[in-house]
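Please read the structure below before turning to the comments.
FYI, it's all coordinate maths here, none of it is from the lab. In this text the structure is predicted, and so the values were computed from the model without any measurement. Positions of Cβ are backbone-derived with ideal geometry, glycine not excepted, and every protein chain shown enters the neighbour counts.
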Amino acid sequence: MEQSAGPATGWWTEAVIYQIYPRSFADSNGDGIGDLPGITARLDHLVELGVDAVWLSPFYPSPQADAGYDVADYRDVDPLFGTLADADKLITEARSRGLRVIVDLVPNHTSSAHRWFTAALAAGPGSPERDRYVFRDGTGADGDQPPNDWQSVFGGPAWTRVTEPDGRPGQWYLHLFDPGQPDLNWDNPDVRAEFLDVLRFWLDRGVDGFRVDVAHGLIKQADLADWQEPQEILSGREVDKPRPPMWDQDGVHEIYRDWRALLDSYPGERILVAEAWVEPAERLARYVRPDEMHQAFNFEYLLASWTAPAQYAVITRSLEATDTVGAPTTWVLSNHDVVRHASRLGLPVGTPRPHGIGIGDEQPDTALGLRRARAATLLMLALPGSAYLYQGEELGLPEHTTMPDEARQDPTWERSGHTLRGRDGCRVPIPWEADAPSYGFGPTDASWLPQPPLWAEFALDRQRGVPGSTYELYRTALRLRREHGLGRGTLAWLATGDEVLSFRNDGLTVLTNFGPAAVPAPAGELVATSAPLTDDGLVPTDVTVWVRSA
Ligand code: GLC
Ligand code: CA
């Protein structure tokens, strides 16, 4: 069976897109928080690595209740990160190096510090200002119970009661995430008009696209019906099961069709990428129909177990599902919301997705995790479609799994009553130089999350030019991927057994050994391997090889 990434064309169909988490990439002024000038100063790293584009997590003015995913002003830059002029400079400098720039758009909710929310509180019940959000009267005798039983993704109820302008306890507002992130009402025309205008604002500044936060959450089932199940951002449903009333409602698609029409009116192939935790793949494919978004993150791939049958199943299903709508598939292993794959894969195979790892939790096997992570990445980068990398994975960075709980900043830790560690472990500022203060993250020792001592051995300057390092493995893979056009190639399976997966794409044969015994390498010239072969030239357990053959 042959599978390609689909008939769509354009830079994005085969792009490798690198996620920058601005707080943790590079700090220019030594306050311990990464910033836009820091990113601009490090752009050459991304050119050397060989990626096509960057996606920047939010840098907008924000009280930082959820690390910037609580936006108070969609048209400016938080002083923590710099100025609008710094953003313009970053965009220009990136584009002059041939790197495209995608920014994050957070349309499901604003910050509670947004001027609209302040106005809604002041204007009182029934006002047009309140109608831009989801305000409801409470239930119970005094309205002191929330309007429904929904839980927030970070734990605790999804509703918070406000104090009315006259000082009395009043209505409740919906927040699927933190109380500092009130959900917008997407049935309100002001909301629709505002976001079209925000898109124009950044398109006019030259960005190449938008990563759309919680794209499956904007529309809620009209009756806000109770949902007696635990809250997960993942809809996690089979096609024929009822969907949660807050996720993946059909009404979201009309919004994206409007946005697509706007983007298409601009020159230069601007794109929309959905962050939609939607299963199964057929439901997710609806977000990337020809007149909607260009791409959607493939979280089913990220969540798949490290076994040959599970990987085979998710790869073929992903290609088939996007094929039905003519969109390219995407691949992703890590981001700022999940345990880094170098640690996730060091947990026993089949462990459910951890919500962070901390002191006292089962610790991953670091060496095994890195070995599998390198094999997984080499497998991923050979697949047709577009791939997303998360800053630091090119260094093989593990999760910080022993971070002191007092240092944690993700609201998940507090809101879950200290049951879910949250996402801080994958957000630690990254190491550039082994022997510099803050490992070269900034000019001082300051770092908004503590960096573990093992950062020294992972620092870029310890890996650059070192054969066999994770950094050089990524560079080699990205160069060959480009040379062979793997992203627009066609995948033809050669072996799909319980222990070995192998396929051809362009002139390369790719093989991953998941089994316990070493296996023969495909015939031809070995051009990349995620770990050394055995003395007899066999491919050991948890290793991927790329072989060039005629
Ligand atoms: C998305 C972001 C995550 C954020 C949430 C609420 O899932 O990736 O970091 O907490 O949306 O905005
Ligand atoms: Ca800074």
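Once backbone amide H atoms are built at 1.01 Å from N, Leu494 has Ser502, Phe503, Arg504 as its partners under 5 Å, excluding neighbours fewer than 5 places away on the same chain.
Excluding Ser28 itself, what net charge comes from residues whose Cβ is under 11 Å from its Cβ, given Lys and Arg +1 and Asp and Glu -1?
On the way: positive: Arg42; negative: Asp27, Asp31, Asp35, Asp86.
Local charge sum for Ser28: -3.
With a simple spin-label model that places each label point 7 Å from the Cα along the Cα-to-Cβ direction, the separation between Arg462 and Ala123 comes to 5.6 nm.
Sum up the charges of everything whose Cβ sits under 13 Å from the Cβ of Arg289, counting Lys and Arg as +1 and Asp and Glu as -1, but leave Arg289 out. Within the 13 Å Cβ shell, the charges total -2.
Amide hydrogen proximity for Leu389: with H placed 1.01 Å from N in the peptide plane, the residues at 5 or more positions away or on another chain lying under 5 Å are Ile17, Tyr18, Gln19.
Using a simple spin-label model with pseudo-atoms 7 Å out from Cα toward Cβ, Val47 and Glu2 lie 3.8 nm apart. Note on the chain: Rg/Rh from C-alpha atoms, Kirkwood Rh, equals 0.96.
With a Förster radius of 56 Å applied to the beta-carbon distance between Thr366 and Asp166, the computed FRET efficiency rounds to 0.45. Mean sequence separation of contacting Cα pairs (under 8 Å, at least six apart), scaled by the length of the chain, corresponds to a relative contact order of 15 percent. Sequentially through segment 57-73, phi angles give Karplus couplings (6.51, -1.76, 1.60; θ = phi - 60°) of 5, x, 10, 7, x, 6, x, 6, 5, 9, 6, x, 7, 10, 8, 9, 8 Hz, Gly and Pro residues having no value and appearing as x.
Sequence-distant contacts, meaning Cα pairs under 8 Å at least 6 residues apart, place the relative contact order of segment 125-209 at 25 percent.
Rounded to whole numbers, the Karplus 3J(HN,Hα) couplings from phi for segment 254-271 are 4, 4, 6, 5, 5, 5, 4, 4, 5, 4, 5, 7, 9, x, x, 6, 7, 10 Hz, using 6.51 cos²θ - 1.76 cosθ + 1.60 with θ = phi - 60°, and x at Gly and Pro. Centre-to-centre separation between the Cα atoms of segment 103-166 and those of segment 35-74: 29 Å. Of interest is the spacing of the C-alpha centroids, which for segment 290-310 and segment 347-406 amounts to 17 Å.
Note on Glu93 and Arg75: the extension gain reaches 4.5 nm, defined as 0.36 nm multiplied by sequence separation minus the Cα-Cα distance.
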